[in-house]
Amino acid sequence: MSRLLLDLFARHGLPAGELEEMERHMAGFVPLVSPQPQVTLLGEGPVRLGERMYEAIETPGHAAGHLVFYDAESEVIFCGDHVLPQISPNVSFLPQVEANPLGAYLHSLQEIGRLQVRMAYPGHREPWAGFSARAAELVRHHHERLALMEEKLREPLSAYALCRAMFGHRLSVHQLRFALSETIAHLVLLEAEGRIRAVSCADDSDKVLYQTVV
């Protein structure tokens, strides 16, 4: 996966020096996650948590196989990282994982936003009320970002150049990895909706640029 992601970043304009730094950064994670455990994925359906039964609901976008657990009787949801009360969960494009992760994320947000929720328990921070309002707020946030990116792409840009325009230049290499992957996820959705198109890079045929469809 690391090699595929680095190749993706190179194609989307990450400069050679930053690409080398990114490769060292990603290699540093390997000892921390090795050996990888054997896991059994849990699917959708009823599941017992403690003394109560919950409905496991798949919520793609932030992470492959991500589930939330909802109890309609108590109106409680364990929403993990799918909906967070204070920050926007990262939605990254990763090779061979999800073809359109942001599209999947927005669809699942709209679906679970219809649930009656009294209290939500996230993967970060404290439990909070107002789950449906927060889900709707996240949908609006991403549509605003999509519109802003579409505007910036009136002139052809690489995903890397667009990422810098959106997130600035004061990112650590760790932050850049997430920011660039999220930028690519937004571009994938914009292209799927016919709002932008890929164009050739005059200086390097191995790189891809994007431009707003007029």
Interatomic Cα distance distribution for the chain, bins of 10 angstrom, percent: 8, 30, 32, 22, 8, 1, 0
For the chain, size of Cβ-based charge dipole, Lys and Arg +1, Asp and Glu -1, in debye: 300 debye
Assigned charges on the beta-carbon of Lys, Arg, Asp, Glu; region 1-70 dipole about Cα centre (debye): 140 debye
Whole-number percent relative contact order across the chain, with pairs defined as alpha carbons under 8 Å at least 6 apart: 20 percent
Charge dipole of region 118-208 about the Cα centre (unit charges at C-beta), most positive-ward option of Pro122, Ser181, Ala165: Pro122
Local electrostatic count, Ile77, Cβ distance below 15 Å [Lys/Arg +1, Asp/Glu -1]: -4
Helix-only [θ]222 nm of the chain, DSSP H runs n ≥ 4, -39500 (n - 2.57) each, per residue, nearest 500: -13000 deg cm²/dmol
Probe 1.4 Å, all protein chains present, accessible-area order of Asp7, Asp206, Asp81, Asp71, largest first: Asp206, Asp7, Asp81, Asp71
Area accessible to solvent at Ser172, 1.4 Å probe radius, in Å²: 50 Å²
Computed lengthening from Val213 to Glu126, 0.36 nm per intervening residue step minus Cα-Cα distance: 27.1 nm
Within region 40-161: Cβ-based charge dipole about Cα centre, in debye rounded to nearest 20 (Lys, Arg +1; Asp, Glu -1): 220 debye
Per-residue SASA entry for His124, accessible area with 1.4 Å probe, Å² rounded to 10: 90 Å²
Charge tally in the Cβ shell below 13 Å around Glu23, where Lys, Arg are +1 and Asp, Glu are -1, Glu23 excluded: -1
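The values are calculated or read from the model by the stated rules, or taken from the named source; none is laboratory data. Note that the structure is a prediction, hence the values are computed from the model and not measured. With ideal geometry, Cβ positions are generated from the backbone for all residues, glycine too; neighbour counts draw on all protein chains shown. For the accessible areas, the whole protein counts, side chains as well, though only heavy atoms, and no ligand, DNA or RNA atoms are used. Shrake-Rupley method; radii C 1.70, N 1.55, O 1.52, S 1.80 Å.
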